[in-house]
Structures are given as C-alpha cells and as structure tokens.
Amino acid sequence: MADVEVTEQVRAEPSVVYDLVSDVTRMGSWSPETTSCRWLGGATGPAVGARFRGTNRRGPLLRWTTTCTVTAAEPGRRFAFDVDFAGVPIARWAYDLEPTPTGCTVTESWDDRRGRPLQIASVPLMGIADRAEHNRRSMQTTLTALRLAAEG
C-alpha cells in the first residue's frame, strides 16, 4: 500500500488520461510543486527505463531538480516512476487508471523511499513537517487540474 493515495473520477477515456499524465513535459501544468520536466538521454516519451529530469519549487526561493526513471508505462492503465535526488532514492509516484462507464478513475500514489535520517533532515530544509499530508493536498490539486484538462 502506498504512503498516500488520491483518487479522482474523470469523464474521459483512460487512454486520454494516460497520454496526458505520461507526457511528463506537461507535468508543470498540473502540479503545484513541479514546474517542468524534460526527457533525458535521448528518451522522447514514456517507456520503462526512460529517464527524465524534474524541476521543482516550493515558495519563491526553494528550487531543486530530481532525476526520475520510468518503472511502468502501460498505456491506458499505469504510469509510474522512481525519483532520485543526487543518486539517493526519494519517492515512487504512480498513476493508475481504471475504466468506468463514464470515463475512468485515476489514482495517484506516492511512496516515500527516503531513509529515516533523510526524512528528519528534510523537515527544516523543505519546511514541511508532515510530508504525507502536504503531498495529499498537492496530489488533489494535480488530479483536479488533470481532470479539467482531460475533460476539456
């Protein structure tokens, strides 16, 4: 079970939602923390093993980049990736899609891959006392924006 899961009903086919969420170059359009992503090493789209760089921000001053590796790329079903910072495992993110009579259900999940020392050290550095609750709110914002894009 993931550390945090958020689900949203979307009035669009799973393939449409998958195409949106797996196009990481658009992640800055949905996420309140990620500002942009770009494929690395010649990758041009989602495939297991493909890597991309995520650029993130928190507030006006705190900015950082991460390296992400796609771990699942199943069109219309699942898109997932692991996140590292300076070679250290940070998180696993996934988007799971289930068809419904009116479109699909999308579930975004986050698993914290940081070791305990890094979890403790990140509180003063990031200014986030409860990372799970912070991510839950951010994930809801992300899925709402994704839903609006898919339905529009």
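FYI, it's all coordinate maths here, none of it is from the lab. Quick caveat, the model's predicted, so the values are computed rather than measured. Glycine also receives a Cβ, built like all others from the backbone with ideal geometry; neighbour counts cover every protein chain displayed.
Observations on the model:
- Theoretical ellipticity at 222 nm over the chain - DSSP helices of four or more residues, -39500 (n - 2.57) apiece, nearest 500: -9000 deg cm²/dmol
- Rounded to whole numbers, the Karplus 3J(HN,Hα) couplings from phi for the stretch 146-152 are 4, 4, 4, 5, 5, 7, x Hz, using 6.51 cos²θ - 1.76 cosθ + 1.60 with θ = phi - 60°, and x at Gly and Pro.
- For the stretch 82-99, 3J(HN,Hα) per residue [Karplus equation, 6.51 cos²θ - 1.76 cosθ + 1.60, θ = phi - 60°, Hz, x = Gly/Pro]: 9, 10, 10, 10, 6, x, 9, x, 10, 7, 10, 10, 8, 10, 10, 10, 10, x
- Our coupling estimate for the stretch 43-52, obtained by passing each phi through the Karplus curve with A = 6.51, B = -1.76, C = 1.60 and θ = phi - 60°, is 5, 10, x, x, 7, 4, x, 5, 10, 8 Hz, Gly and Pro reported as x.
- Other-chain or far-sequence residues with amide H under 5 Å of residue 45's (modelled H): none
- Positive-end residue of 148, 40, 110, charge dipole of the chain with Cβ unit charges: 40
- For residue 31, residues with placed amide H under 5 Å, excluding near neighbours: none
- Percent RCO, i.e. relative contact order, over the stretch 1-107, from Cα pairs under 8 Å lying at least 6 residues apart: 27
- Amide proton proximity set for residue 40, modelled H, under 5 Å, gap of 5+: 51, 52, 53
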